[in-house]
Amino acid sequence: MILILSGSNDRHAIHVAEQLRQRGASVVSFNPARFPREAQVSLSYTPAGMVRQLLCVDGQEIDLAGLQAVWYRRPEKPIAPSAVRDRSARAFVEQECSMFVQDLWSYLDCFWLPAAPYIVRHGE
(Lines give C-alpha, C1' and ligand atoms only; values in the text may rest on other atoms or scores of the structure.)
Protein backbone atom coordinates (compact mmCIF):
# COMPACT_ATOMS: atom_id res chain seq x y z
CA MET A 1 0.00 0.00 0.00
CA ILE A 2 1.11 3.56 -0.79
CA LEU A 3 0.12 6.52 1.39
CA ILE A 4 0.01 9.99 -0.13
CA LEU A 5 0.19 12.78 2.44
CA SER A 6 -1.03 15.92 0.73
CA GLY A 7 -3.65 18.64 0.72
CA SER A 8 -7.19 17.68 -0.29
CA ASN A 9 -7.18 19.69 -3.52
CA ASP A 10 -3.68 18.80 -4.75
CA ARG A 11 -4.33 18.06 -8.42
CA HIS A 12 -0.87 16.52 -8.89
CA ALA A 13 -1.36 14.09 -6.00
CA ILE A 14 -4.85 13.19 -7.25
CA HIS A 15 -3.47 12.50 -10.74
CA VAL A 16 -0.58 10.38 -9.45
CA ALA A 17 -2.94 8.40 -7.18
CA GLU A 18 -5.19 7.66 -10.18
CA GLN A 19 -2.21 6.56 -12.28
CA LEU A 20 -0.96 4.28 -9.50
CA ARG A 21 -4.41 2.70 -9.09
CA GLN A 22 -4.61 2.09 -12.86
CA ARG A 23 -1.34 0.18 -12.51
CA GLY A 24 -2.82 -1.98 -9.75
CA ALA A 25 -1.34 -0.26 -6.71
CA SER A 26 -3.28 0.13 -3.50
CA VAL A 27 -3.24 3.86 -2.69
CA VAL A 28 -4.62 5.92 0.19
CA SER A 29 -4.56 9.71 0.09
CA PHE A 30 -4.70 11.53 3.40
CA ASN A 31 -4.70 15.19 4.29
CA PRO A 32 -3.43 15.55 7.88
CA ALA A 33 -5.60 18.68 8.19
CA ARG A 34 -8.53 16.26 8.62
CA PHE A 35 -7.03 15.07 11.92
CA PRO A 36 -8.55 15.19 14.55
CA ARG A 37 -11.78 16.65 13.07
CA GLU A 38 -12.65 13.98 10.51
CA ALA A 39 -10.04 11.28 11.00
CA GLN A 40 -8.55 9.32 13.85
CA VAL A 41 -4.96 8.26 14.14
CA SER A 42 -3.77 5.92 16.84
CA LEU A 43 -0.54 4.47 18.06
CA SER A 44 -0.69 1.56 20.50
CA TYR A 45 1.26 -1.44 21.64
CA THR A 46 0.16 -5.07 21.52
CA PRO A 47 0.65 -7.32 24.58
CA ALA A 48 3.74 -8.66 22.80
CA GLY A 49 5.21 -5.15 22.64
CA MET A 50 4.64 -4.58 18.92
CA VAL A 51 3.65 -1.10 17.75
CA ARG A 52 0.24 -0.81 16.06
CA GLN A 53 -0.45 2.28 13.96
CA LEU A 54 -3.92 2.91 12.57
CA LEU A 55 -5.44 5.60 10.41
CA CYS A 56 -9.24 5.71 10.42
CA VAL A 57 -10.73 7.95 7.76
CA ASP A 58 -13.92 7.86 5.68
CA GLY A 59 -15.05 4.66 7.42
CA GLN A 60 -11.85 2.88 6.44
CA GLU A 61 -9.29 1.54 8.92
CA ILE A 62 -5.76 1.49 7.52
CA ASP A 63 -3.01 -0.44 9.28
CA LEU A 64 0.02 1.75 8.64
CA ALA A 65 2.37 -1.17 9.30
CA GLY A 66 1.36 -2.45 5.86
CA LEU A 67 2.70 0.58 4.01
CA GLN A 68 5.36 0.07 1.39
CA ALA A 69 5.86 3.75 0.59
CA VAL A 70 4.76 7.26 1.55
CA TRP A 71 4.76 10.25 -0.74
CA TYR A 72 5.22 13.29 1.50
CA ARG A 73 3.76 15.92 -0.80
CA ARG A 74 2.97 19.18 0.95
CA PRO A 75 0.78 17.79 3.73
CA GLU A 76 -1.28 20.34 5.61
CA LYS A 77 -1.15 20.66 9.38
CA PRO A 78 -3.91 19.23 11.59
CA ILE A 79 -6.88 21.50 12.31
CA ALA A 80 -8.77 21.43 15.60
CA PRO A 81 -12.49 20.62 15.62
CA SER A 82 -14.83 23.61 15.36
CA ALA A 83 -16.08 22.87 18.90
CA VAL A 84 -12.72 24.11 20.20
CA ARG A 85 -13.41 27.85 20.04
CA ASP A 86 -10.87 29.34 22.42
CA ARG A 87 -7.93 30.62 20.36
CA SER A 88 -5.22 29.39 22.73
CA ALA A 89 -6.94 26.01 23.16
CA ARG A 90 -7.17 25.65 19.35
CA ALA A 91 -3.49 26.50 19.01
CA PHE A 92 -2.63 23.94 21.69
CA VAL A 93 -4.75 21.18 20.12
CA GLU A 94 -3.30 21.84 16.67
CA GLN A 95 0.28 21.90 17.94
CA GLU A 96 -0.19 18.65 19.90
CA CYS A 97 -1.83 16.95 16.92
CA SER A 98 0.96 18.15 14.60
CA MET A 99 3.61 16.75 16.93
CA PHE A 100 1.68 13.47 17.26
CA VAL A 101 1.42 12.86 13.51
CA GLN A 102 5.06 13.82 13.00
CA ASP A 103 6.02 11.25 15.64
CA LEU A 104 3.72 8.71 14.03
CA TRP A 105 5.28 9.27 10.61
CA SER A 106 8.74 8.75 12.11
CA TYR A 107 7.66 5.25 13.26
CA LEU A 108 6.71 4.14 9.77
CA ASP A 109 9.17 1.63 8.37
CA CYS A 110 8.80 2.17 4.65
CA PHE A 111 10.23 4.04 1.66
CA TRP A 112 9.66 7.83 1.68
CA LEU A 113 9.43 10.17 -1.32
CA PRO A 114 11.15 12.59 -1.55
CA ALA A 115 12.52 11.78 1.94
CA ALA A 116 11.39 11.20 5.50
CA PRO A 117 9.65 14.24 7.04
CA TYR A 118 12.49 15.10 9.41
CA ILE A 119 14.87 15.28 6.42
CA VAL A 120 12.41 17.48 4.50
CA ARG A 121 12.05 19.80 7.53
CA HIS A 122 15.83 19.99 7.88
CA GLY A 123 16.14 20.91 4.21
CA GLU A 124 13.52 23.65 4.55
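Details
- D103, sole failed condition from (1) closer than 24 Å to R121 by Cβ; (2) among the charged types (D, E, K, R); (3) surrounded by 12 or more Cβ atoms within 10 Å (Cβ to Cβ): (3)
- Whichever residue in segment 18-43 is over 14 Å from I62 (Cβ atoms) and small (G, A, S) and, among such residues, is nearest to the chain's Cα centre (by Cα): A33
Per-residue answers, yes or no, for (1) closer than 15 Å to S6 by Cβ; (2) in contact with a Pro (Cβ under 6 Å, 6 or more places away or on another chain); (3) surrounded by 13 or more Cβ atoms within 10 Å (Cβ to Cβ); (4) not aliphatic (A, V, I, L, M):
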| site | (1), (2), (3), (4) |
| --- | --- |
| L55 | yes, no, yes, no |
| Q60 | no, no, no, yes |
| P78 | yes, yes, yes, yes |
| V84 | no, no, yes, no |
| R87 | no, no, no, yes |
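Here's the yes/no breakdown for (1) part of a helix (DSSP H, G or I); (2) within 10 Å of the chain's Cα centre (by Cα); (3) at pLDDT 95 or above; (4) β-branched (V, I, T):
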residue	(1), (2), (3), (4)
S82	no, no, no, no
A89	yes, no, yes, no
E94	yes, no, yes, no
V101	yes, yes, no, yes
L104	yes, yes, no, no
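- Residues of segment 37-52 that are surrounded by fewer than 12 Cβ atoms within 10 Å (Cβ to Cβ) and either in a strand (DSSP E or B) or of a type in the set (S, T, N, Q) (or both): S44, Y45, T46.
- Here segment 1-36 is the region considered, the condition is being in a loop (DSSP other than H, G, I, E, B) and of a type outside the set (G, A, S), and the residue that is surrounded by the most Cβ atoms within 10 Å (Cβ to Cβ) is F35.
- Contact annotation: residue pairs with Cβ atoms under 6 Å, 6 or more positions apart or on different chains, pairing a residue in segment 103-122 that is closer than 14 Å to A69 by Cβ with a partner that is surrounded by 11 or more Cβ atoms within 10 Å (Cβ to Cβ) and among the small types (G, A, S), are C110/A69; F111/A69.
The values are calculated or read from the model by the stated rules, or taken from the named source; none is laboratory data. Everything numeric in this text was worked out from a predicted model, so none of it was measured. With ideal geometry, Cβ positions are generated from the backbone for all residues, glycine too; neighbour counts draw on all protein chains shown.
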